[in-house]
Amino acid sequence: MLAFSLPDALALALFLFAWLGYSVAIETTARGKKSLNAMMHTYREQWIDQLIAREVRIVDSQVTAALQNGTAFFASTSLIAIGGALSMLRASDQILHVMGLLPFSVANTPEMWEAKIVGLAVILVYAFFKFAWSYRLFNYLAIMVGAAPPPADRHTAPARNFIYRAARLCEEAGLHFNRGQRAFFFALGYLGWFLGPVVFGISTIAVVIVMWRRQFASPSRRAFDTEIADAS
């Protein structure tokens with residue numbers, strides 16, 4: 001019968017709380033609206049607004065294709081990772097034997113080991129669905145780019161509605177892509193559980209610190225706080 005030890009249960013609770021708490025903080029709080037992800041939302045709308053003003057939209061098509069290709073890459077990677085995780089279920093005994101030879105390993109029953117692998121697979125499946133839906137939304141955005149109103153109608157109500165809808169669609173696609181990447185990062189933290197609950201807790205905290213720093217304290221984020229004086 002599967003039974004988690006108290007340290008394992010506490011480490012797993014910390015992991016789930018960290019993931020949920022970070023997601024809520026980055027997506028819904030006032031602090032989260034100053035993150036690097038949130039800063040890009042304004043530029044999405046500016047992009048669509050400038051798209052309307054251009055006669056030739058080759059650059060816009062290339063940008064959309066790049067967004068699709070990047071999302072497709074992560075979706076494909078998710079499937080490969082899922083296959084790798086599930087294949088580990090077929091070799092549990094051999095892996096446990098090797099892990100038992102490591103000086104820093106902890107005791108794992110076959111049931112516990114398989115439960116941890118299933119948990120990892122669930123995280124990767126979640127990431128795949130997020131990337132797949134993001135790819136679909138970017139595909140819809142590509143269709144909208146092709147249907148964009150001409151520059152002469154830029155200031156009409158239909159054009160303004162188009163800008164709003166396309167920007168929101170692009171923002172939603174980016175949101176799901178970010179959630180998929182976040183799942184990948186937390187999957188890396190989850191790997192610490194295979195080395196024990198203490199390592200699991202440390203790796204979870206490390207992942208949160210790295211992601212938080214990139215969103216709020218990285219050089220790329222500070223670039224948005226830098227104002228260059230007008231040379232004129």
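Among PHE162, PHE177, PHE138, PHE186, which is more than 18 Å from the chain's Cα centre (by Cα), crowded, with 19+ Cβ neighbours inside 10 Å and at pLDDT 90 or above?
PHE162
Restricted to segment 98-135, and to residues that are at pLDDT 90 or above and aromatic (Phe, Trp, Tyr), which residue is nearest to ALA187 (Cα to Cα)?
Step by step, filter segment 98-135, then rank; the result is TYR126.
The values are calculated or read from the model by the stated rules, or taken from the named source; none is laboratory data. This is a predicted model, so every value here is computed, not measured. Cβ atoms come from the backbone with ideal geometry, glycine included; neighbour counts cover every protein chain shown.
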